[in-house]
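The values are calculated or read from the model by the stated rules, or taken from the named source; none is laboratory data. The structure presented is a predicted model; accordingly, all values stated were derived computationally and were not measured. All Cβ positions, even for glycine, are placed from backbone atoms using ideal geometry, and neighbour counts span all protein chains on display. The protein model used for the area step is the full one, side chains on, heavy atoms only, and it has no ligands, DNA or RNA in it. Shrake-Rupley method; radii C 1.70, N 1.55, O 1.52, S 1.80 Å.
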Amino acid sequence: MSLHKEKADILIIGTGLAAVTTALHIPSDLSVILVSKSELTETNSDLAQGGIASSYLEETSEAHKADTMFASNMTSCIERVDILTAEGRQTIEEMERFGVRFDRDGDGYDLGREGAHQTHRIFHAGGDETGRHVMRQLRRSLPDNVKVLEHVLVHDLVVWQGRVVGAMAFQREERIHIEAGAVVLATGGIGGLVDWTSNVRTVTGDGLVLANRCGAELTHLQRIQFHPTLLATEEPRLVTEALRGAGATLIDADGRHVMAHHLLGSLAPRDEVARVLTERNGPIYLDTTNVTRLHDRFPKLALTCDELGIDLRQIPVRPGLHFHMGGIEVDDMGRTGVDGLYAVGEVADTGVHGANRLASNSLLECWVFGKRVAQAIQLNDAPFTTSESLAYDISFEMFQELRSQIGNWLTISPNLEEMKCFLQNTQSLTLTKHVTRQLSEQTLLLDAARLLAQSILGMERHDEHDLSTRTTTTVFE
Ligand SMILES: Cc1cc2nc3c(=O)[nH]c(=O)nc-3n(C[C@H](O)[C@H](O)[C@H](O)COP(=O)(O)OP(=O)(O)OC[C@H]3O[C@@H](n4cnc5c(N)ncnc54)[C@H](O)[C@@H]3O)c2cc1C
């Protein structure tokens, strides 16, 4: 198998908002490589619907900060929330300088409101296609010092004497070694581990595994957000919370408002709504009869419902895996505890979301902390060495079987017995040195699920196979 080599000052793993923001703010005299596992645009950032929360038009960021703390039930880190909301006041203006156009209503912005926000402060673009519009414009703005490589699966980071100096990957089926003075993990969340998710399938917690193998700390992995409203069809898709912000209510088959007991009604924090819906038997619908200008404000949803023959006035919904609050522990500049390794976006645990993220705060987090990572990066000057890669020696059928087991326990009410069973089944897998792209991909996914299971069970994370203890052997020329 041929080996292809690349070299840059900084390697950013990901092409979503966290990665692109970081790349846009790195000084132009440094070379940057951005890699995506599949197509450039296959990211959760591109799927974002509701928009970006910012107190840009408010007197201060205090109310946004209070809402973020309240939604997390005071489990967010207040100093980090302060950074997010205070620096986030400039985000809209900063993105506009890169050419992003947010939706307007007459002379002013057409602001949305979502669950647990006291006020309308969600800036959106293209109605419910904010992610696609924002990402398209920001990617167009990437300068010449940034090179993008698609279909690159990073399966291992390269560490030399405790310092991260690059990565080993497959570009399609070809091996590729990328030498870099610093590596930024912007690999997103974990939704692709299960079928009932709003996420793209390729986002499967790889960054957690890569970081863990080279000794970075992972925190609060058990903090997983389930979205109350995925379209209850064969292929689940998100039904944005902005729809409830615009007046839609959650009803049962008899037309009863299922969140009537809550002060915030259908706009209660996500975890509370998702739990109520999970515990109820029978179908749940979003009643949109009170929403004005439905087709104008939610064009993508209207089109999807039309294509699937769903009545837009009564949309069937159910909860599903949406967002990961836990992740790689970082300081307030996105540094992990490992030299040369940074993390940003959904893969990082900055502490801003606590146990429950406030709607539309994650794109904001990507921007605010992406800028900070770009400022903090220091380059390592160390030889690029590689180690032998290992992967689980399993057939695709066996992998599919194990993946379907993950779907049985990774729910809002985790089934602990199923989880223990999964850990046992994966514990006994054998390793091979004959690594292919497919085996690497399967291994990363299973290891990410193992890390989550161990956290949910409150176990210390210690992998029997301990891929992190491998020594570095080959010098890259
Ligand atoms: C349907 C949906 C709607 C949402 N709506 C909103 C919203 O309105 N507002 C809001 O604030 N948030 C929203 N979110 C959440 C938000 O979109 C995400 O949290 C955010 O976009 C994450 O950005 P990211 O850059 O960290 O990761 P992503 O955008 O998910 O990008 C991950 C990148 O990592 C790459 N990658 C992963 N593993 C590897 C690997 N091993 N090798 C190489 N590359 C790899 C992927 O290819 C991809 O390019 C929504 C999420 C979803 C799913």
So the FRET efficiency between residue 201 and residue 303, C-beta based with R0 = 22 Å and rounded to 0.05, is 0.55
Cβ-Cβ FRET estimate between residue 57 and residue 237, R0 fixed at 30 Å, reported to 0.05 = 0.50
Taking the Cβ of residue 50 as the centre, find all other residues whose Cβ is under 9 Å away and add up their charges (Lys, Arg: +1; Asp, Glu: -1).
-> -3
At a probe radius of 1.4 Å, what is the per-residue accessible area of residue 196, in Å² to the nearest 10?
-> 80
Most packed first (mean Cβ within 10 Å per residue), the peptides 350-358, 69-77, 425-433 order as 350-358, 69-77, 425-433
Quick calc, the range 229-320, dipole around Cα centre from Cβ unit charges on Lys, Arg (+) and Asp, Glu (-), nearest 20 debye, gives 240
Nearest 10 degrees, 0 to 90: helix 299-308 Cα axis against the chain principal axis | 90
Sequence of 333, 459, 259 when ordered by accessible area, the most exposed leading, probe 1.4 angstrom = 459, 333, 259
Starting from the Cα gyration tensor of the range 221-363, take the square roots of the eigenvalues, sort them a ≥ b ≥ c, and report rounded, prolate or oblate (rounded when a/c is under 1.5, otherwise prolate if a/b is larger than b/c, else oblate).
-> prolate
Grab the Cα-Cα distance for residue 66 and residue 97, subtract it from 0.36 nm times how many residues apart they are, and report the gain in nm with one decimal.
-> 8.3 nm
May I ask you to rank 270, 175 by accessible area, largest first, using a 1.4 Å probe over the protein chains only?
-> 175, 270
Length-normalised contact order of the range 391-468, Cα under 8 Å, at least 6 apart, in percent, tallies to 40
Excluding residues fewer than 8 positions from residue 5 in its own chain, the lysines with Cα under 30 Å of it are 37, 147, 371, 433
Once normalised by the length of the chain, the mean sequence separation of its alpha carbon contacts under 8 Å that are 6 or more apart gives a contact order in percent of 22
Angle between the chain longest axis and helix 62-71 axis [Cα atoms, degrees, rounded to 10] = 80
Relative contact order computed over the range 229-320 (Cα-Cα under 8 Å; 6+ residues apart), in percent | 37
Average accessible surface area per residue within the chain, 1.4 Å rolling probe, Å² = 40
Just the number, please: carbon plus sulfur as a percent of the accessible area of the range 391-468, 1.4 Å probe, no ligands or DNA/RNA counted.
-> 48
Cα-derived Rg over Rh, computed across the range 391-468 with Rh taken as Kirkwood radius | 0.95
With every protein chain in place, the range 205-313: carbon and sulfur % of accessible area (1.4 Å) | 46
Just add up the charged neighbours of residue 2: K/R +1, D/E -1, any other residue whose Cβ is under 13 Å from the Cβ of residue 2.
-> +1
What angle, in degrees between 0 and 90 and rounded to the nearest 10, separates the Cα long axis of helix 416-427 from the longest principal axis of the Cα atoms of the chain?
-> 20
Using just the helices of the chain, give the 222 nm mean residue ellipticity in deg cm²/dmol: DSSP H runs with n ≥ 4 each add -39,500 (n - 2.57), and the total is spread over all residues, rounded to 500.
-> -9000 deg cm²/dmol
Can you grab the distance from the C-alpha centre of the range 274-291 to the C-alpha centre of the range 14-69, Å, no decimals?
-> 30
Could you give the distance between the Cα centres of the range 195-242 and the range 353-430, to the whole Å?
-> 9
So the FRET efficiency between residue 398 and residue 222, C-beta based with R0 = 35 Å and rounded to 0.05, is 0.85
Lys and Arg at +1, Asp and Glu at -1: neighbours of residue 115 with Cβ under 12 Å from its Cβ sum to -1
Projected-area average for the chain over all orientations - Cα convex hull basis, square nanometres = 21.6
